[in-house]
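Take a look at the structure below.
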Amino acid sequence: MSSQKVRKFLIGLFAAVVCLAAEISPEQYLAHIKYLASPELKGRASGSPELDEAARYIACQFQRFGLQPVWNATYYQPFSVTIRAHLGPRNHIAYSDGRQHVVLKVGKDFLPFNFSGNGDVTRPLVFAGYGITAPEYRYDDYAGVDVKDKVVLVLRHEPQEFDDRSPFAGRIYTTHSQLLTKALNAEAHGARAVVFVNDMSNHRGEPDELEQFSDAVGPAGVGIPFVAVKAEIAERWVAAAGKNLDTLCAAIDQSLHSQSFALPGSIRLHITTDIERETKFIPNVVGFIPGLASEYLIIGAHYDHIGLGYQFSMAPELAGTVHPGADDNASGTAGVIELARWFSNQPKLLRGIVFVAFAGEEVGLLGSSYYVSHPPLPLRDATVMINLDMIGRIRERKVFVGDTGTSPEFKSIIEDLNRKYMFNLDFSDTDGYGSSDHFSFVPKNIPVLSFFSGLHSDYHRPADTWEKITPRETARLLELIGEVSYRLASVPLRPSFAGWHTTTTVPLQAIP
């Protein structure tokens with residue numbers, strides 16, 4: 001950087017420090033929540049007209065503050081979701097083992113999932129354990145086995161699920177246990193189809209039931225067939241290799257090492273999946289404040305909720321009632337809006353800031369997953385992702401700060417700036433894994449931070465209303481997050497990434 005540019009940057013940095021005295025208005029913050037969590041928006045369910053209304057509101061706010069759209073003249077990044085699905089007439093599974101040809105019955109022996117891709121596949125079979133690749137736990141069911149162009153057989157749940165000492169956290173399922181995560185992981189490894197089976201050895205006394213086909217909102221469909229079969233059928237296939245599922249589960253639990261293997265070539269599956277679905281495009285809403293360099297931060301929150309509670313309600317007896325989602329996550333969305341306003345009044349910083357309101361979080365992190373797969377700006381230039389999810393109910397000044405373990409620089413920066421705000425911060429040094437949108441960024445080697453004010457009894461219930469928000473305390477938290485973001489956008493070197501037990505430091509790119 002030339003001496004003249006250094007001088008200009010230092011002058012701008014001094015001016016920005018003066019501007020940082022500006023406050024975030026609790027009244028303006030709460031006004032966004034009142035609108036987003038209003039009865040008229042009916043809980044902002046993915047695929048609903050009310051979610052579209054919320055997207056328009058957020059885009060209008062970004063436009064008011066002068067944020068740049070990142071796709072020509074629009075703030076919207078649309079992606080497809082399934083809003084209704086049902087089984088078509090051609091679902092079929094048959095297998096041969098060299099001696100006989102067996103046709104399975106749909107609904108009795110097997111059943112596709114609603115996010116299954118449609119296809120017609122005849123391929124050999126590979127057992128791939130739990131179908132998990134978790135480098136942060138140094139565990140990979142796909143290690144040492146080739147599943148390219150094969151059908152993979154995977155177990156439900158996770159290894160060591162009843163072991164409190166397990167790196168999988170024992171009894172608390174991680175994102176790796178989610179069916180969609182397993183499906184996408186298999187597809188990423190080149191599999192042509194996935195067959196899912198209950199891990200009965202770890203669930204003695206439970207019936208081996210096929211999960212009912214759901215017509216609920218969800219992904220638009222993974223690219224390969226994904227079906228469930230009864231355990232007794234999978235046992236026949238595994239027995240052809242002289243093994244059984246109970247022994248394989250026990251071996252994985254004992255060693256936490258892959259027990260995956262290719263089944264004998266005599267076992268071949270023929271799978272046809274036929275899902276008829278109605279899809280709709282829903283948008284992420286994205287605005288950008290450029291910096292002096294090409295690098296940038298991301299500040300995001302999901303703006304969808306669970307609508308009338310027919311899916312994911314913690315009060316199923318109240319299905320059909322508006323679940324307003326004031327804290328989850330109108331509170332985080334309003335925070336992104338107000339931080340966009342706040343930064344739009346600051347001088348240009350060294351790095352830019354991308355502000356994102358994600359859709360589809362409640363049905364599987366769909367918006368953030370799509371964002372990292374179709375980034376509007378190069379992900380190599382993204383230095384940090386800061387996620388705001390349920391930040392609106394601060395009690396006794398306690399705030400949970402998650403995922404500081406993804407960069408060794410995070411904790412000291414936050415502690416230093418918190419001396420002014422005096423929040424009671426509860427740090428978690430986790431590696432970025434969880435059930436919110438920051439999780440989508442960790443596999444891209446992007447350090448993440450998450451802010452959270454804690455669970456409460458109104459979570460996913462109609463009682464999550466705007467009157468219970470703590471606007472003054474949350475506005476102060478947003479000022480702290482703003483100062484943390486400001487510093488991360490101003491320091492010469494980008495934060496090093498330490499997720500998945502690795503650390504990389506990338507120097508700031510040259511400023512033109």
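One table, with the values for the structure above:
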| read-out | value |
| --- | --- |
| Hydrodynamic radius by Kirkwood, which averages 1/r over all alpha carbon pairs of the range 90-273, in angstrom | 16.4 |
| HN-Hα J in Hz across the range 45-57 - Karplus 6.51, -1.76, 1.60, θ = phi - 60°, x for Gly and Pro | 5, 4, x, 8, x, 5, 5, 4, 4, 4, 4, 5, 4 |
| 0 to 90° range, to nearest 10: angle between helix 179-188 axis and the chain longest Cα axis | 80 |
| Long-range HN-HN contacts of residue 284 with modeled amide H, under 5 Å | 77, 79, 359 |
| Long-range amide H partners of residue 268 with built H, under 5 Å | 96 |
| Residue-count net charge about residue 460 - beta-carbon cut-off 12 Å; Lys, Arg +1, Asp, Glu -1 | -4 |
| Tilt relative to the chain, helix 245-255 - C-alpha long axis, 0 to 90 degrees, to 10 | 40 |
| Two-site FRET efficiency, residue 216 against residue 101, from Cβ-Cβ distance with R₀ of 45 Å, rounded to 0.05 | 0.80 |
| Over the chain: helical MRE at 222 nm, DSSP H runs n ≥ 4 each giving -39500 (n - 2.57), nearest 500 | -7500 deg cm²/dmol |
| All lysines inside 19 Å of residue 150 as judged from Cα atoms, apart from same-chain residues fewer than 8 positions distant | 182 |
| Burial order of peptide ranges 468-475, 119-126, 64-71 (average beta-carbon count within 10 Å, highest first) | 468-475, 119-126, 64-71 |
| Three-way shape call for the range 174-326 based on the alpha-carbon gyration tensor, with the a/c threshold at 1.5 | prolate |
| Nearest 10 degrees, 0 to 90: helix 471-488 Cα axis against the chain principal axis | 90 |
| Residues whose placed amide H lies under 5 Å from that of residue 223, excluding near-sequence neighbours | none |
| Separation of the residue 246 and residue 178 label points, Cα + 7 Å toward Cβ, nm | 3.4 |
| 11 Å beta-carbon shell around residue 489, net charge (K/R +1, D/E -1) | +2 |
| For residue 269, net neighbour charge (Lys/Arg +1, Asp/Glu -1) across residues whose Cβ lies under 11 Å away | +3 |
| Under Karplus coefficients 6.51, -1.76 and 1.60, residue-wise ³J(HN,Hα) of the range 233-240 in Hz, glycine/proline x | 6, 4, 4, 4, 5, 5, 5, 5 |
| Residue-by-residue Karplus 3J(HN,Hα) for the range 67-77, coefficients 6.51, -1.76, 1.60, Hz, glycine and proline x | 5, 7, x, 9, 10, 6, 10, 10, 8, 9, 10 |
| Spatially proximal lysines relative to residue 348 (Cα-Cα < 20 Å; intrachain offsets below 8 disregarded) | 5, 8 |
| Packing-based order for 50-63, 237-250, 360-373, using average beta carbon neighbours within 10 Å, highest first | 360-373, 50-63, 237-250 |
| Length-normalised contact order for the chain - Cα pairs under 8 Å, 6+ apart - percent | 21 |
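Here, each number is a calculation from the coordinates, and none is a lab measurement. Only a predicted model underlies this, so the values are computations on that prediction, with no experimental measurement involved. With ideal geometry, Cβ positions are generated from the backbone for all residues, glycine too; neighbour counts draw on all protein chains shown.
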